[in-house]
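Single-structure report; data block below.
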Amino acid sequence: METTSRSDQPASQLMQPTTRVLIGATLGLISAAMLILAFPPYNVWPLIFLAWPPMLLADYRVLPKRLAGLGSGIGIGGWLIVYLTMIFGLEAGTWFMQAFAVLVGFLAYSGGRGNRRFHGRTGYRWFVPFGVVNTVGIEMLRGFIPLLATHAFVGHTLHTQPWLIQPASIFGIYGLDVVIMLVGYAIGLAGLDLFDRRWRWEEIATVERRLDLRWLAATGIVAAAWVTLSLMLLAGAPKDPPTVRIGGVQHGYVRPGHMDPDTQAARLEALSGGTREAAAQGARLVVWPELGLGFDPQAESTDELLALSAETGTSILIGYGLDTEAGWRNEAVMLIPQGQFLDVYGKNYPAGEPRIVTSGRYLVYDTPLGKLAPIICNDVNYTAAVRIPARTGAQLVMVPTRMFAGVWKEMQVMAVFRAVENRVSIVLVDGAFRITMVDPYGRMVADSVTPTPSAQTVVADVPLGNPDGLYTKLGDWVGWFCLLGWIGSMVYQSADERRSKKAEGATVTG
């Protein structure tokens, strides 16, 4: 590592602090724009690999030391504010998302000076690995926070690229995130080296050429191995898997059924009509939306529903909700043509709602159609919600949903990754905006969007999965590794800071 004094540089290479701040802030905005465009609904996915280097250059070279971190604060915070607002809107109940985005941006900024000092002292040898485990480790941590879950994970940008995401069946979404961040930080390190060869605006520790070349080479090897493995796994997909003809029925109502009592008859009529339409097209399984009805189908309109299932010869997953003396119930139940209701599933991950009294377990219906598992809406944002029933043999997961604001722009992303991780198909049916059916390799079987609330029926042949992958067995092992790595990096960096201050004190005393 070599150190070059600012005074050693020609006057033409010096830059006024104000100009440096403006350039650094602009680089942060460039990163934010890249991230926004990489995510849905724009899906310019290659930008995710290039989004980090501009703000890293701002933090470690362009900005004055006292403002190091401003680039990442603007880049990450700005992206999250825009993206989460686009998805969740500005309704009173979604303030938490905007607050989270501001907090993340502030934390990225506040940690900038310490990170810059640390990597300067250590010759940037920890720049790439610490950057990767810190980012993915934080993702793992927020995966446990209600509502946040797996929203806005960097790997989600690749949901439209089945050829790139198949190793998620081994490493999960966190493994894909590791590869993306490895590329971003390796390019970022190379960018610092290139900058050092042209400009040095203050006394800094420069990046050794050999170091960034080694990281670029290692990253190239990892990326090539990932793509090769992904292509091999995709090529190994069954050519003629067993399928189930499934109908998704959307009634066109945004409000939950229990909050819209005057529409109960109309809702049931719309759902029944859609079910008959699906059956006429050969559907044997029909999925209705979350909170599609505001009553318990085993207590009200039961005869009508039994007759509908028998008449159409379809199994129907019914989503409904109601308040009772025992508490709030957001549930789904399967009705089969033989005139029987199967076990009731209670939503396990509430979203801005009270605890569901029937939550706490996962179901797998062993039916003549295959092994089918119900979950509900927000559940799909949590990796465990699909992994647990997949471990017990579920081949297809049904997800009644109720989307609001712009959530419909993102839900298909979750369906893709839960399907690939566990090699199960996902059928996601909303009440007003979207019906999505995804095969076990993340390929869209059907995806129909109604940007304004509308009724629709979608029918498709959906493959049954074979959930025997390593990820289903081991879970989020990469995420846990990165979380531990993040904690370890903070401990190491803190200890190094104390040693540095102690050494500085000894030098002054001497």
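The values are calculated or read from the model by the stated rules, or taken from the named source; none is laboratory data. Just so you know, these numbers come straight off a predicted model, no measurement behind them. Here the Cβ is made from the backbone with ideal geometry for all residues, glycine too, and neighbour counts use every protein chain on show. Areas reflect the complete protein model, heavy atoms only, side chains present, ligands, DNA and RNA absent. Shrake-Rupley method; radii C 1.70, N 1.55, O 1.52, S 1.80 Å.
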Lys/Arg +1, Asp/Glu -1 at C-beta; segment 236-306 dipole; positive extreme among Leu291, Met259, Pro242: Pro242
Shape call, segment 297-365: gyration tensor on alpha carbons, a/c limit 1.5: prolate
Carbon + sulfur, % of accessible area of segment 314-469 - ligands and nucleic acids excluded, 1.4 Å: 48 percent
Note, ³J(HN,Hα) from phi for segment 494-504, Karplus 6.51, -1.76, 1.60, rounded to Hz, x at Gly and Pro: 5, 5, 5, 5, 5, 4, 5, 5, 5, 5, 5
0 to 90° range, to nearest 10: angle between helix 70-88 axis and the chain longest Cα axis: 10 degrees
Sequence of Lys347, Lys371 from largest to smallest accessible area, 1.4 Å probe: Lys371, Lys347
Rg in Å to one decimal, and Dmax rounded to a whole Å, for segment 96-208 via C-alpha atoms: 16.5, 47
Value of D in µm² per second that Stokes-Einstein yields for segment 70-153, Kirkwood Rh from Cα pairs, at 37 °C (0.692 mPa s): 236 µm²/s
With every protein chain in place, segment 101-195: carbon and sulfur % of accessible area (1.4 Å): 75 percent
Counted charge near Lys347, where neighbours are those whose Cβ lies closer than 11 Å (Asp, Glu -1; Lys, Arg +1): -1
Theoretical ellipticity at 222 nm over the chain - DSSP helices of four or more residues, -39500 (n - 2.57) apiece, nearest 500: -15500 deg cm²/dmol
Partners for Lys473 among lysines (Cα-Cα distance below 19 Å; same-chain residues under 8 apart left out): Lys371
The chain: angle of helix 95-110 to the longest principal axis, Cα-based, in degrees nearest 10: 20 degrees
Nonlocal amide H pairs with Thr367, under 5 Å, H built at 1.01 Å: Leu372
Over the chain - Rg/Rh using Cα atoms and the Kirkwood inverse-distance radius: 1.06
Å² of accessible area per residue within segment 38-84, as computed with a 1.4 Å probe and no ligands counted: 29 Å²
³J(HN,Hα), Karplus 6.51/-1.76/1.60, whole Hz, each residue of segment 474-481, x for Gly, Pro: 9, x, 7, 5, 5, x, 5, 4
Principal-axis tilt of helix 411-422 within the chain, Cα atoms, nearest 10 degrees: 90 degrees
P(r) histogram, all alpha-carbon pairs of segment 416-510 included - 5 Å bins from 0, percent: 3, 12, 12, 11, 9, 8, 8, 7, 6, 5, 5, 5, 4, 3, 2, 1, 0
Accessible area expressed per residue, segment 365-510, with surrounding protein chains retained (probe 1.4 Å, Å²): 36 Å²
Net charge dipole size for the chain [Lys, Arg +1 and Asp, Glu -1 on Cβ; Debye, nearest 20]: 2320 debye
Separation of alpha-carbon centers, segment 85-158 and segment 276-291, rounded to whole Å: 41 Å
Equivalent ellipsoid dimensions for segment 286-401 as semi-axes, Å, which come from the Cα gyration tensor, largest first: 21, 19, 10
